[in-house]
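In what follows, a single structure is set out as structure tokens and then discussed.
What follows is calculated from the coordinates using simple rules that are stated; it is not laboratory data. Note that this is a predicted model, so its numbers are computed, not measured. When we count neighbours, we look across all protein chains shown, and the Cβ atoms used for this are built from the backbone with ideal geometry, even at glycine.
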Amino acid sequence: MTTTLEVPRKPTPATDTVATLWPAQTEDLLRALAGRVRDSVCAAEQNLGHLEEELRRGGHELFRQMLEKAAQQKADATPPLCPHCQNKLSRLSPGHFTTIQTRFGPIRGQRLRGYCRRCRKWRFAADALLGLPEEGTQSPAVQEMAALTVSKMPATEAEQVVQRLAGIKISAATLGRAARQQGQRAQTQRAQLDQKMSTPEGRTQPDRDLQLQLPLEPFTLGIELDAWNIRERDDWGQSAARRAQGQEPSRWHWAYGGTSFRLNQRAQSAGGRPTILSRGYVMTRGGGEALKEQLWAEAMRRGLGRAHEVLIVADGAVWIWNLAGDRFPGARQRVDFYHVSQHLWAVAHTLHPEDPAAARAWVQPLLAKLKADESCAVITELEPLQARLEGARAQAVQKEVNYLQSQRERMDYGTAQRKSEPLGSGAMESTCRQYQCRFKRPGQFWSQTGDEALICLETFRRNGRWHLLFPHSAHPSKN
Ligand SMILES: [Zn+2]
């Protein structure tokens, strides 16, 4: 019995497609690799990690060579059509050499170039089949790595992570640019998907990814909204000029978000924490109008059209209730319990500024009443207070009474508890905090185009639509 590695003989006929993919010196490469693996086995100070590292490095070169040949075959088989509009290309010139960055390192290949009269641009016919971007030479796997890492961490950190995990060197600038390109692609796809939801065909399209199965029992669709702010510097270098004109340059801008889920798709984690099994996310820097349309489309995907009723939970911001009334008429509205309790605590501290125990003793029965659906009784109790106070303290109490009156219809916490519904918008608040981990680091400044692109990537991933951007990520393996 032989102990040498079984390597298929190098085939000679060029008509054998498997043979034409076989890397040169395969046997030599594998022997050299096996030698290094054996050395690592014998080295007492080296562990399994060293073996993994040897194989990853050794495998890279073999895979790189096979990929180079396969990519060339794909390119050669591409008809001379425009990859964007399928128009026939003219003034063809073959043999344009390109270096493509792939997950196994750089590969070289030749592409056919031609002129598209419809696009009025020079095009490479094979670009669509190879999945190359219009500008840039990163393979789809490298585009995905850029999108995944840069939407999670600054590009300089992404460079280190990609180098360590994938073993390839791609500069931070290239990763950042590639991630933004993918984010813009995600924005285009989001717009198309949302647009489809407002057409009858779109709603009934047999799209496995967007269509939910018909519900077995009536359900309530829950929608939570919230906002956070992001620091941008679009007017870079113009601050002094702006100030000279009497305009303070604005830095902080609102990012708006929403989530929708069926209330009967909630469960408890092993630790007893409530979790939502399936939910849709929306996040945008595009303003209230953009949020409104995106949230409606996402809610439709989550079953808005078939919901027994809709419940909207949020803090007291006016824009939220305007949006809710406009796009989700007929929905029940609930203001976040914690938010309301903060307003009652503000009154408690106004009444007992020096005495925290007295403030607590005053507020607790009122919070209990709120939870028992007695918001009117709470307001009635508060109204005479301002007559007993003077000046700023009276005004402070008046402000809180006004707030509670404006939200009175939305404080049905007794009903919420009876029906096991959420009392607050904590699910969305925690989502906002997770986005902020990436976008609100010290010293970070964004541009609106840059942050919207990366926010859109993150949202695509959360919504389980990553494969729409990177179809290879859902590629079924035969093994
Ligand atoms: Zn074209």
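Overview of results
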read-out	value
Packing-based exposure ordering (other Cβ within 10 Å, fewest first) of Glu224, Glu68	Glu68, Glu224
Cα-Cα over 30 Å, subset of Lys399/Lys440; Lys292/Lys419; Lys292/Lys369; Lys369/Lys440	Lys399/Lys440; Lys292/Lys369; Lys369/Lys440
Likely footprinting exposure, Asp226, Asp76, fewest C-beta neighbours within 10 Å first	Asp76, Asp226
Shape category assigned to the chain from the gyration tensor of Cα positions, a/c cut at 1.5	prolate
J(HN,Hα) series, region 169-179, from Karplus relation 6.51 cos²θ - 1.76 cosθ + 1.60, nearest Hz, glycine and proline x	9, 10, 5, 4, 5, 5, 4, x, 5, 4, 5
Selection of GluC sites (Glu not before Pro), region 315-423, meeting DSSP coil and at most 11 other Cβ within 10 Å	Glu354, Glu390
Prolate/oblate/rounded label for region 383-435 (Cα gyration tensor, a/c 1.5)	oblate
Positive-end residue, the chain charge dipole about Cα centroid, Cβ charges, pick of Ser260, Cys437, Cys116	Cys116
Computed E for Gln398/Leu277 - FRET, C-beta separation, R0 45 angstrom, nearest 0.05	0.55
Label-point separation, Ser420 to Gln268 (7 Å along Cα→Cβ), nm	0.9 nm
Net charge contributed by nearby residues that have their C-beta within less than 14 Å of Gln333 (K/R +1, D/E -1)	-3
FRET efficiency estimate (nearest 0.05) - Cβ-Cβ, His308 to Arg118, R0 35 angstrom	0.10
Linear extension gain, Ala387 paired with Val37, 0.36 nm per residue minus alpha-carbon span	117.5 nm
Only Lys, Arg (+1) and Asp, Glu (-1) charged, at Cβ; region 377-435 dipole about Cα centre in debye	100 debye
Cα gyration tensor shape of region 44-202, rounded if a/c is under 1.5, else prolate or oblate by comparing a/b with b/c	oblate
Per-residue Cβ neighbour rank within 10 angstrom, fewest leading, Ser40, Ser425, Ser447, Ser430	Ser430, Ser447, Ser40, Ser425
Rounded to 10°, Cα long-axis angle of helix 155-166 versus longest principal axis of the chain	50 degrees
Candidate lysines for bridging to Lys121, where Cα separation is under 18 Å - those fewer than 8 sequence places away on the same chain excluded	Lys88
Dipole moment magnitude, nearest 20 debye, region 331-479 about Cα centre, only Lys, Arg, Asp, Glu C-beta charged	780 debye
Length-normalised contact order for the chain - Cα pairs under 8 Å, 6+ apart - percent	13 percent
Residue list for region 435-455, given a label point 7 angstrom along the Cα-to-Cβ vector of Arg231 and an amide N cut-off under 14 Å	437-447
